[in-house]
Structure formats: C-alpha cells, structure tokens
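*Asks:* Quick one: structure below, then a few questions.
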Amino acid sequence: MFQPTGPLLELAPKKVANARRNLAEAGLADFVDIRQGDARQTLRELGGLVDFVLIDGWPGGKGPSLARQVMKIVAPQIRAGALVMNDNGEADHLAYVRNPANGFRSMSLPLKGATEASIKVS
C-alpha cells in the first residue's frame with residue numbers, strides 16, 4: 001500500500017481547507033499529511049526521509065530567500081534519488097542546488113520563467 005513520505009505544507013488557511021476537501025473527495029485524505037503554517041517551523045521534522053519536495057516560496061528582499069531557508073531545513077531530510085522542484089528559481093536557491101558539493105544535480109526547466117528541477121545524488 002502507498003504510504004506518504006512527507007507532508008504537504010501551506011501557509012494560507014483557505015488553501016489548506018481546499019486541499020483537504022479535494023483530497024477527501026478523491027479518496028486520498030488518508031495518504032497526505034497537511035501541515036498549516038510557516039515552512040521554516042513545520043518542516044523541521046518530517047518524520048523520515050522524503051522523496052519529493054516542491055518549494056514554491058517567494059523571493060525576498062534582503063537576506064536569504066524563503067526557498068533557500070526552506071532548503072537549508074529540508075536538505076538533510078531528502079533521500080538520495082529524490083526530486084526537488086523550485087517554482088521561482090531564486091538566485092540563492094539555484095546557487096545551492098547547482099553547487100556539486102551540496103549533493104544535487106540541477107537544471108532549469110522551460111516553464112514559466114524560472115522553474116528548477118534538482119535530484120539529490122548523495
């Protein structure tokens with residue numbers, strides 16, 4: 001039987017309610033761990049290694065982007081062979097996943113501006 005390997009996280013309460021409703025209607029509610037709140041808090045302990053991460057944050061002003069902050073938290077919890085997608089291609093996130101020392105292989109996808117796909121290789 002399929003077992004979830006990580007949570008779905010959303011900050012906006014209305015989006016959480018919509019996701020729960022959609023998953024229930026599809027008969028998938030028991031397979032998804034939905035966590036509402038700030039990713040920098042709710043993703044600190046994922047309960048094991050994960051196979052897929054979608055980071056859809058937003059570019060910030062000064063300091064590290066939200067995507068880079070989240071990646072710093074979840075990178076140690078990502079299984080080798082897992083896929084990481086970043087929707088906005090923030091420069092500091094790209095610098096991290098494109099640096100071979102961090103254990104990822106990464107490429108930009110020809111989708112709406114700057115979407116990055118990264119595979120954890122070590």
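Where a number appears in this text, it was derived from the coordinates with a stated rule and is not lab data. Being a predicted model, the structure only gives us computed values, none of them experimental. Don't worry about glycine lacking a Cβ; one is built from the backbone with ideal geometry, like all the others, and counts go over all protein chains shown.
*Asks:* Under a Cβ-Cβ cut-off of 15 Å, what is the net charge of the residues other than residue 90 that fall near it, where Lys and Arg count +1 and Asp and Glu count -1?
*Replies:* Numbers: positive: 40, 62, 68, 72, 98, 112; negative: 56, 87, 92, 116.
Once positives and negatives cancel, what remains is +2.
*Asks:* Mind sorting 106, 122, 65 by how few other Cβ atoms lie within 10 Å of their own Cβ, fewest first? Before the final figure, lay out each step's value.
*Replies:* On the way: 106 19, 122 9, 65 22.
By the 10 Å Cβ count, ascending, the order reads 122, 106, 65.
*Asks:* Taking the Cα centre of the chain as origin, sum charge times position over the Cβ atoms of Lys and Arg (+1) and Asp and Glu (-1), and report the length of that vector in debye to the nearest 20.
*Replies:* Numbers: 15 positive and 12 negative charges, 47 e Å.
Here the size comes out at about 220 debye.
*Asks:* Taking H as built 1.01 Å from N, whose amide H comes closer than 5 Å to the amide H of residue 35, not counting residues under 5 places away?
*Replies:* When sequence neighbours closer than 5 places are left aside, the close amide H contacts are 8, 9, 10.
*Asks:* Amide H of residue 104 versus every other amide H placed in the peptide plane: which residues, excluding those fewer than 5 positions away on the same chain, fall under 5 Å?
*Replies:* 121
*Asks:* Oh, and also: Taking the beta-carbon count within 10 Å as an exposure proxy, list 79, 35 from fewest neighbours to most. Intermediate values should be presented prior to the final figure.
*Replies:* Details: 79 13, 35 17.
Starting with the residue having the fewest Cβ neighbours, the order is 79, 35.
*Asks:* The chain: Rg/Rh from Cα coordinates, Kirkwood Rh?
*Replies:* Values: Rg = 14.7 Å, Rh = 15.1 Å.
With Rh from the inverse mean 1/r over Cα pairs, Rg/Rh is 0.97.
*Asks:* Under the 0.36 nm per residue contour assumption, what length would be gained going from the current alpha-carbon distance of residue 38 and residue 102 to full extension? Don't skip to the end; give the middle numbers.
*Replies:* Details: separation 64, 0.36 × 64 = 23.04 nm, distance 2.43 nm.
So the extension gain works out to 20.6 nm.
*Asks:* Please compute the contact order of region 50-120 in relative form: average sequence separation of alpha-carbon pairs under 8 Å and at least six residues apart, divided by the residue count, as a percent. Each step should come with its number before you reach the end.
*Replies:* Numbers: 123 pairs, mean separation 23.2, N = 71.
Computed value for region 50-120: 33 percent relative contact order.
*Asks:* Still on this structure, I have one more. Per DSSP helix of 4 or more residues, -39500 (n - 2.57); summed, then divided by the residues of the chain. What does that give at 222 nm, rounded to the nearest 500? Walk me through the intermediate numbers first.
*Replies:* Details: 4 runs with 33 residues, N = 122.
So the helix-based figure for the chain works out to -7500 deg cm²/dmol.
*Asks:* Counting Lys and Arg as +1 and Asp and Glu as -1, what is the net charge of the other residues whose Cβ lies under 14 Å from the Cβ of residue 122? The partial results should precede the final answer.
*Replies:* Values: positive: 79, 105, 120; negative: none.
Combined, the nearby Lys, Arg, Asp and Glu give +3.
*Asks:* Could you line up 32, 53, 74 from fewest to most neighbouring Cβ atoms inside 10 Å? Could the numbers behind the result be given before it?
*Replies:* Details: 32 16, 53 22, 74 19.
Going from least to most buried by this count: 32, 74, 53.
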